[in-house]
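See below for the structure under consideration.
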């Protein structure tokens, strides 16, 4: 076997880091969409990813629907869960404080996890990769076709969201809710609908993340919490409420983990990423791209 | 006031009634603590199913010495505090004859002092040698374990490597108890087999990608990789290894790989992988003359018949633990000290993971040559390796 | 909430004292004193956390780390070096407070979710250290051989003896904390919660107060950790993971974070729910647990400690 050069090793770490980071970024974007409208950190975000993967397994593997039908069907199902989450867990809370909202989303995530365990059992599931598993060789590094799909979907999500928030009336209305909900309702925006919509969007993005992650790393009912923590880390690193921040945060976290594991000590790779996160926060308390005002709004 | 008193009295009576009712005199109580849900549910779930399967079968056949086998199972959810509480409850409140489990090494270590304190035999379903051996190297008097120690799996692997002429290896393991314990045994025993460890990498039990670690290993060109983990990451690591095209490097999995589901999930990536497995998961591959052929075939048929899923290594541990407990109850009844003495001197118990021969110096009763067969994945199924 | 009335406290203390006798007589609850030991240990942590969250308005998702620091300092020094457990307990508290200052000074400048993430990150890093430094901590399988506690030859070697020891600590800490709340410092803390800017303008040294409370909560968590280690005679890292920090947060939220009684009620409730009562539901246990969280947050936003207040308001209407 030929020896792998240092340059291709580094390139491989970068590719791996960016792929893992893209998943974190998608979770982070989901966090941000809800946060921007409601200032809620939805800790059930990881559960959307899990449901995306598991429901796709059901439609595509168990029922045997072709991928082009199973994909949207899965996204719609998870979106419905998102709406239910808003209706059943968030909206009924009469005196929302940051703590009660956090506990509500934790409670919801536990319920979803429990139901997923009853339905799918405790074993992991696999999905076939979208375009086979024959790796592509590039500059001595290997790239799974699925990695390309991950990057591609991240790009598509970013483009669509940008168009949505900047070009459509509903998107602009959502941004308005984010800036000032009272003023938004004064000009006739239905804030409740906007909140529902934010849950829909972020559930849909979570579902997409789950669908494309499962062929790489399998999926089981118990994955949500870890994904939520990583996504939350990415959001905070990038700056709460900032979409470019979420993407940057996710990619940076993934890359640090990958380089940390490859070059320094794999047991401590998560710690490296978190130390970097703390260092950023201590220097710039609102994250890499966050605005100072946002950090001042809420306390516990 | 009198009304309140009446209600209180009724509540008390109800409580007493509930508690007295199931405590039938003509039953043997066996306690079990498994990680049925939570982070180690892939251990506890098949263990619970297996234990219930055996208990049902025994009771249908008329019980042990004409007495019913009453199995009390608690779920520790992988948590040490819960395990401690559950075992204490089994020992002091349910007053069981013998306890089987817990599923995890850490949790077993957490309750070892309780077995010694309350003088109730405990048959652990976890692997660490520390469960039965104290710091001075002596066997703990009330504790036994049925799974093979990690060192046995390591010796089986290293022995196979020696035969294949492998000298330079890389280790990759999970940072959980299973992975860490295997990793330390690999490092400890490698010099005895003349093996050089060129890389010693790890990953989190929930990680989604191990390409970075494997890339590093690829750069160091070992002849073989040993992976030590359980659950989904052992499949992911195998896929990443295939993706990286590390064809010249032989891949060994730990005995944690022992479920057909893993071959399925690896989607072809498992082909040619070596793994040391107990007889329980490969009954079809055993020769007719093998001493465990009969018990393993029976268990496989019963388990897959009832639960519609393949047997795993871990269910086999519960079979061995409960089987030994039942054997002891059959011989000496519910006398804890006699059960302990009986188990300590039990010879030739044919179980799912080997033929157990206990002694005062060995509360595990297995040797690696018996307990493991080197298996290779061939055509999507297990096959005996040469 | 300013005045802590004496009567409920005395009744509660009496109940705690006689409870083991009652439990001895009723087989159905014979194991409850054992559960109460853990409830007491968790109370020590939640009292500190309640002061930090409910009174000073700062969140911490890293309390499990301080709990772990206390437990590991006690465990390592007693099991590996044979030191006196009480001295180790003190060393653990000193270690936890040093770490709390180092982490707290930069972190407590952060607000809201940023503070939550920073403390969460700190907790995970400490967990990784417990897990990775196997030579010291025994790694993920844990550390065995931690001795029990004794005082002048008196062994705390049974559930009941340990029960009284733990609850002695809980009452001492509870009374001390009430004194803080009712003092000038307590008023300053509540002022910080209401508005940092205003309290700072009236001469309250906001950042000093926040750090002092953070350190106090860390010391209590560390004490709880030492008591836990000596009771179980065993510790492993997964006891101190991020999910335990979240569990503590849930205790505070269910009990009610604006009332120190809430800390105690929450610790009790979660201990008994997760260690005993929910077992009845078997596989459905976690669904029921999640539903309880949802129901309480929806119908009792002030937590269970807010119920008397709600009833009072309802009667007045």
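Here region A:181-250 and region B:223-278 have alpha carbon centers that stand 34 Å from each other. Here the label points at residue B:350 and residue C:280, each 7 Å from Cα along the C-beta direction, are separated by 4.6 nm in the simple model. The calculated pair-distance distribution of region B:291-379 uses every alpha carbon pair, bins of 10 angstrom beginning at 0, and gives 15, 43, 30, 10, 1 percent. From the P(r) of region C:130-263, can you give the percent of Cα pairs sitting at distances over 19 Å? Tail of the P(r) past 19 Å holds 64 percent of the pairs. Each residue in B:336, C:111 was given a count of other beta-carbon atoms within 10 angstrom of its own, and listing them fewest first yields B:336, C:111. Averaged over peptide B:35-44, the number of partner chain Cβ atoms lying within 10 Å of each residue's Cβ comes to 4. Take every Cα pair under 8 Å whose residues are at least 6 apart in sequence, average their separation, divide by the length of region C:53-240, and the relative contact order is 45 percent.
Modelled label positions at residue A:69 and residue C:26, each set 7 Å beyond Cα in the direction of Cβ, lie 5.9 nm from each other. Computed over chain C, the convex hull of the alpha-carbon atoms projects to a mean area of 18.1 nm². Based on Cα contacts under 8 Å between residues 6+ apart, chain C shows a relative contact order of 31 percent.
At full extension, residue B:192 and residue B:331 could sit 45.9 nm farther apart than now, given 0.36 nm per residue minus the alpha carbon distance. Distance from a point 7 Å along Cα→Cβ of residue C:136 to each backbone N in region C:229-262: keep the residues under 18 Å and list them by number. Residues passing the 18 Å test: C:229, C:235-241.
Legend: ranking of residues A:223, B:140, C:187, A:113 from fewest to most surrounding C-beta atoms inside 10 Å; resulting order C:187, B:140, A:113, A:223.
The mean count of C-beta atoms from other chains within 10 Å of the C-beta of residues in B:350-362, rounded to a whole number, is 0. From its DSSP helices (H runs of at least four residues, each -39,500 (n - 2.57)), the protein assembly as shown gives a residue-normalised ellipticity at 222 nm of -20000 deg cm²/dmol. Please compute the Cα-Cα pair-distance distribution of region C:53-240 with 5 Å bins starting at 0, giving whole percents from short to long. Once binned at 5 Å, the Cα pair distances of region C:53-240 give 1, 8, 15, 18, 18, 14, 11, 8, 4, 2, 0. Against chain A, whose longest principal axis comes from its Cα atoms, helix A:45-56 is set at around 60 degrees. A compact globular protein would have a Cα radius of gyration near 2.2 N^0.38 Å; the ratio found for region C:242-317 is 1.16. Using alpha-carbon pairs under 8 Å, 6+ residues apart, how would you state the relative contact order of chain B in percent? Result for chain B is 16 percent. The overall shape of region B:227-271, judged from the alpha-carbon gyration tensor, is prolate: a/c is not under 1.5, and a/b is greater than b/c.
The mean number of Cβ atoms from other chains found within 10 Å of a Cβ in peptide A:273-286 is 4, as a whole number.
If R0 is 35 Å, the Cβ-Cβ spacing of residue B:141 and residue B:168 corresponds to a FRET efficiency of close to 0.20.
Considering region A:1-154 at the alpha-carbon level, its Rg and Dmax are found to be 18.9, 65 Å. Sorted fewest first by neighbouring Cβ atoms within 10 angstrom, B:374, B:152 come out as B:374, B:152. For chain B, the Kirkwood estimate of the hydrodynamic radius, built from every pair of different alpha carbons, is 21.8 Å. Averaging over all projection directions, the Cα-based convex hull of region B:189-260 occupies 5.1 nm² in the image plane. The Rg/Rh ratio of the protein assembly as shown, with both radii computed over alpha carbons and Rh defined as the Kirkwood radius, is 0.96.
Counted over all Cα-Cα pairs of region B:150-277, pairs farther apart than 17 Å make up 51 percent.
Between region B:313-386 and region A:7-65, what is the separation of their alpha carbon centroids in Å? Between the Cα centre of region B:313-386 and that of region A:7-65, the gap is 44 Å.
For region B:272-342, the orientation-averaged shadow of the C-alpha convex hull comes to 6.6 nm² (one quarter of the hull surface). Compared with the rule-of-thumb size 2.2 N^0.38 Å for a compact globular protein, region A:168-300 has a Cα radius of gyration ratio of 1.24.
The spacing between region A:118-179 and region B:82-161, judged by their C-alpha centroids, is 46 Å. Convex hull volume of the Cα atoms of region C:70-146, normalised per residue: 86 Å³.
Values in this text are rule-based calculations from the coordinates and carry no lab data. What you see is a predicted model, and the numbers here were worked out from it, not measured in a lab. Here the Cβ is made from the backbone with ideal geometry for all residues, glycine too, and neighbour counts use every protein chain on show.
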